[in-house]
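Before any comments, here is the structure.
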Amino acid sequence: MLKAGITAGAALFLPSAGLFAQAGPLIQRKIPSTGESLPIIGIGTARRYEAVTTEAERAPLREVLRQFKELGGKVIDSSPTYGTAETVVGDLVSELKIRDALFIATKVSTSGREAGLAQLERSFKLLRTPKIDLIAVHNIRDTRTQLRTLSELKQAGRVRYVGITTSFEKQYQEFEQTMKAETLDFIQVDYALDNRKADQKILPLAADRGMAVMINLPFGRGRLFNAVQGQKLPPWAGEFDCASWAQFFLKYIVSHPAITCAVPGMAKVEYVIDNLGAARGRLPDAAMRRRMESFIDGL
Ligand SMILES: NC(=O)c1ccc[n+]([C@@H]2O[C@H](COP(=O)([O-])OP(=O)(O)OC[C@H]3O[C@@H](n4cnc5c(N)ncnc54)[C@H](OP(=O)(O)O)[C@@H]3O)[C@@H](O)[C@H]2O)c1
């Protein structure tokens, strides 16, 4: 990264992490329904933001959000089902005064109109914002009811985009039917170098229907890192400006033409620097993507 930073002529020293990150803009993709651009790498807040109660636990996350914004990051994905995540994001974003620089996404994850409305109002309160950028129906739970409410909130100017999410293959069929039946700005689905089922129907359908695509579980939680443990990056990874395994896995995802952004879980500044590096430089082309698939399938 040091070398890459210097050759780009603009290395940015981040003393808190003792690491170097490349400066300069992140690669952006357009949300089809409006043409608004988003950087291709965001932050997911499941797990590491879920049980944060003390200042000692919050402090590293404050630094993560500060550096993320400094490096040009925008998208933060949360959910009312992620324990303390919405509270932590809301409090830290408000403290850091960076709300306007961010694109905050959350979800609605319950059954029934009244329960949905109550959960949504709680998200506005915890996230400390009068307007949420994206709210998606989590794991297509009571989709029709919740989408109706989200559409009302959108009309009222309180939500900018609406969508649906899943991370379960057994839901894909219903997910595809919903994509065909509803007008959605976004879908969110699991996709990773070793979990490519979404590219069979869901990703082409999203492109066809003009829906932005946010990718969850881009590392399959720790699965991909475990698969390559002890291995060096192949030398041809340099052909698409890839300096780490995290960048290898993320550049594979965001080089799919239907994908708008990926939201890896990250609670460490060194992960922010590493993962945002996947939004810089060259991305793999179609032939290189096949080579990456053969590589991982051959492990
Ligand atoms: N149905 C849904 O709507 C749904 C379902 C699942 C996830 N999601 C969303 O997708 C996001 C991502 O999923 P996830 O966080 O569960 O899994 P993930 O992004 O696949 O993996 C995250 C883990 O990878 C490791 N990691 C991240 N950056 C790294 C780096 N540069 N180098 C080495 N290790 C690195 C970290 O492990 P350690 O922290 O252990 O070091 C981190 O916790 C979630 O946070 C959530 O926002 C949505």
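The values are calculated or read from the model by the stated rules, or taken from the named source; none is laboratory data. Remember, predicted model here, so these are calculated numbers, not experimental data. Note that we place each Cβ from the backbone using ideal geometry, even for glycine, and neighbour counts take in every protein chain shown. What goes into the accessible areas is simple: the full protein's heavy atoms, side chains included, and nothing from ligands, DNA or RNA. Shrake-Rupley method; radii C 1.70, N 1.55, O 1.52, S 1.80 Å.
With both residues required to sit in the chain, DSSP beta bridges show an antiparallel share near 25%.
For V137, the residues whose modelled amide H falls within less than 5 Å of its own, excluding neighbours fewer than 5 places apart on the same chain, are V108, G163, I164, T165. Residues whose amide H comes within less than 5 Å of that of R29, counting only those at least five positions distant or on another chain, are L38, I40 (H built at 1.01 Å from N in the peptide plane).
Note on K201: aspartates and glutamates with a C-alpha under 19 Å away, same-chain residues under 8 apart excluded, are E169, E174, E176, E182, D185, D190, E293. Would you please classify the overall shape of the chain from the alpha carbon gyration tensor, given that a ≥ b ≥ c denote the square roots of the eigenvalues, rounded means a/c under 1.5, and beyond that prolate means a/b larger than b/c while oblate covers the rest? Verdict is oblate for the chain. Could you identify which residue out of G24, G230, G73 has the top mean-square fluctuation in a GNM of the chain using Cα springs shorter than 10 Å? Per the Cα network of the chain with a 10 Å cutoff, G230 tops the list. Compute the label zone of D194 within region 147-188: residues whose backbone N is under 19 Å from the point 7 Å along Cα-to-Cβ. Correct set: 167-169.
Listed by chain and number, the aspartates and glutamates whose alpha-carbon sits under 15 Å from that of K131, ignoring those within fewer than 8 places in the same chain, are D77, E86, D100, E121, E152.
Across region 59-73, computed HN-Hα scalar couplings (Karplus, 6.51 cos²θ - 1.76 cosθ + 1.60, θ = phi - 60°) run 3, x, 6, 4, 5, 4, 5, 4, 5, 4, 5, 4, 7, x, x Hz from first to last residue, x flagging Gly and Pro.
Of interest is the spacing of the C-alpha centroids, which for region 246-299 and region 180-209 amounts to 17 Å.
Sequence-ordered 3J(HN,Hα) estimates for region 247-259 from the Karplus curve with 6.51, -1.76 and 1.60 and θ = phi - 60° stand at 5, 4, 5, 6, 5, 4, 5, 6, 8, 6, x, 7, 8 Hz, glycine and proline given as x. What does the C-alpha gyration tensor say about the overall shape of region 206-266? Classify as rounded when a/c is under 1.5, otherwise prolate if a/b is larger than b/c, or oblate. Oblate. Here's the picture: a label point sits 7 Å out from the Cα of W236 along the beta-carbon direction, and within region 265-287 the residues with their amide nitrogen under 19 Å of it are 282-287.
Taking every DSSP helix (H) stretch of at least 4 residues in the chain, weighting each as -39,500 (n - 2.57) and dividing the sum by the residue count yields a mean residue ellipticity at 222 nm of -11500 deg cm²/dmol. Distance between the modelled labels on S37 and F225, one decimal in nanometres: 3.1 nm (7 Å Cα→Cβ projection).
Listed by chain and number, the lysines whose C-alpha is less than 16 Å from the C-alpha of K197, apart from same-chain residues fewer than 8 away, are K170. Expressed as a whole percent, the accessible surface of the chain that belongs to carbon and sulfur atoms is 51, based on a 1.4 Å probe. If you plug each phi of region 156-166 into the Karplus form 6.51 cos²θ - 1.76 cosθ + 1.60 with θ = phi - 60°, what whole-Hz ³J(HN,Hα) values come out, in order, with x for Gly and Pro? Values per residue, Gly and Pro as x: 7, x, 9, 10, 8, 9, 10, x, 9, 10, 7 Hz.
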